[in-house]
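The values are calculated or read from the model by the stated rules, or taken from the named source; none is laboratory data. Quick caveat, the model's predicted, so the values are computed rather than measured. Methodologically, a virtual Cβ is constructed for each residue, glycine included, from the backbone with ideal geometry; neighbour enumeration extends over all protein chains shown.
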Amino acid sequence: MGSYQRCNVGEKMSCEEFFQYLWQGYTSLTPQAEKIHKLFIEDGNDIVNDHVAFRTFNLPPISISCLEPGLIALGYQAYQSYTFKEKKLKAWSYNHESMLQPRLFFSELLVEELSSNAQQIIHQLVDDIPLPPKGSAAFHAGRLWPSLSWKNYQSLSQESEYAAWVAVMGLCANHFTISVNELKNDSMDYVLGKLASININMNKQGGVLKGTPDSMLVQCATLADECEVCFSGGEKHRIPSCYYEFAKRYKDVNGQVYQGFVPANANTIFHSTDLQSKK
Ligand code: NI
């Protein structure tokens, strides 16, 4: 994994810089992202991001509550919370005060609900973070701890694919999401047709399309790319990195475009980074 460029935490970052750093890190881990981005640009679209998502553990110094000030500093406000009981996750979505920046979706794993073995592995990583990340720069800080062993990665992934992903990737954009509403052809059929034309593998959990117009949010997601990771002891393995998502929003009964997220959709989209998702 490449080390991300770090910016001076003392300086206030603009939203533009924030998303630039995130995009840099994201595309370095996700070759499909630039291919997909280019595909839609070349078809005459302006790309607008619906949201960008992050994952973390609910342990200081990287829990949502510890890192949230970095989002507030960028002009974001907490909008809505979500719970994913069976995946042992909690999440918050954030909207920018200007409404001109992408929404953010930030989830965290409830570590205390995992087995004692998994808890121990995760605490070993998080308890000794030498330089806790501060401010907005935390969100592209990458992995803040030494690499874990392949054995520990496998035991985490058996219990929680999410835990294994965060243990390797750390803090970075888990996915960017293109707003389908802003495409020149705002139908999911158009999106899926374009993706099929360059043979992109889609997340099919519960069907390719997640949600219905009645739920006010329809989404689809690619399967994550793979990147080679060096585990402790020098063992190298290819594991899922990040994926791309598409979202189409509908108006609510008051005629306002829906701003939240739909847990049932997100619940299946989380599987885009599963180790076994291609099989
Ligand atoms: Ni998403």
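Return yes or no: is residue 98 free of Cβ contacts under 8 Å to residues at least 60 places away in the same chain and not in a helix (DSSP H, G or I)? Here the answer is yes, as residue 98 does meet what is asked.
If we scan the range 226-234, do we find a residue that is assigned to a strand (DSSP E or B), more than 16 Å from residue 35 (Cα to Cα), of a type in the set (Asp, Glu) and out of contact with any helix residue (DSSP H, G or I) (no Cβ under 8 Å at 6 or more places or on another chain)? Scanning the range 226-234, I find at least one residue that is assigned to a strand (DSSP E or B), more than 16 Å from residue 35 (Cα to Cα), of a type in the set (Asp, Glu) and out of contact with any helix residue (DSSP H, G or I) (no Cβ under 8 Å at 6 or more places or on another chain), so the answer is yes. The set of residues from the range 228-244 being surrounded by 19 or more Cβ atoms within 10 Å (Cβ to Cβ) and out of contact with any Asp or Glu (no Cβ under 8 Å at 6 or more places or on another chain) comprises 229, 244.
The residue list 258, 250 contains one member that is touching a strand residue (DSSP E or B) at 6+ places or on another chain (Cβ under 6 Å), of a type in the set (Ser, Thr, Tyr) and either within 18 Å of residue 31 (Cβ to Cβ) or modelled with pLDDT of 95 or more (or both), which is 258. Restricting attention to the range 38-65 and to residues that are hydroxyl-bearing (Ser, Thr, Tyr) and not in a helix (DSSP H, G or I), the residue that is nearest to the ligand (Cβ to nearest atom) turns out to be 56. Screening residue 108 against (1) more than 16 Å from the ligand (Cβ to nearest atom); (2) touching a Lys or Arg at 6+ places or on another chain (Cβ under 8 Å) leaves a single unmet condition, (1).
Filtering 17, 86, 68 for residues that are in a loop (DSSP other than H, G, I, E, B), away from the ligand (no atom under 16 Å from the Cβ) and surrounded by fewer than 18 Cβ atoms within 10 Å (Cβ to Cβ) leaves a single hit, 86.
Would you call residue 260 more than 14 Å from the ligand (Cβ to nearest atom) and over 25 Å from residue 142 (Cβ atoms)? In short, no. For the range 140-149, what are the residues that are among the charged types (D, E, K, R) and surrounded by fewer than 18 Cβ atoms within 10 Å (Cβ to Cβ)? Those that are among the charged types (D, E, K, R) and surrounded by fewer than 18 Cβ atoms within 10 Å (Cβ to Cβ): none in the range 140-149. In the range 126-152, which residue that is of a type in the set (A, V, I, L, M, F, W, C) and in contact with a helix residue (DSSP H, G or I) (Cβ under 6 Å, 6 or more places away or on another chain) is farthest from residue 19 (Cα to Cα)? The qualifying residue farthest from residue 19 (Cα to Cα) is 148. Of everything in the range 168-212, what is polar (S, T, N, Q) and either within 30 Å of residue 138 (Cα to Cα) or not in a loop (DSSP other than H, G, I, E, B) (or both)? Give them in sequence order. Matches in the range 168-212: 174, 177, 179, 181, 197, 203.
Within the range 150-167, is even one residue assigned to a loop (DSSP other than H, G, I, E, B) and crowded, with 21+ Cβ neighbours inside 10 Å? Within the range 150-167, one or more residues are assigned to a loop (DSSP other than H, G, I, E, B) and crowded, with 21+ Cβ neighbours inside 10 Å. Annotation: residue 224 fulfils all but one of (1) within 14 Å of the ligand (Cβ to nearest atom); (2) hydrophobic (A, V, I, L, M, F, W, C); (3) under 25 Å from residue 259 (Cβ atoms); the unmet one is (3). Applying a threshold of 7 Å to beta carbon distances and a minimum spacing of six or more residues, or different chains, the list of pairs starting in the range 65-85 at a residue that is in contact (Cβ under 8 Å) with a residue 24 or more places away in the chain and ending at one that is surrounded by fewer than 18 Cβ atoms within 10 Å (Cβ to Cβ) and of a type in the set (Asp, Glu) reads 75/97.
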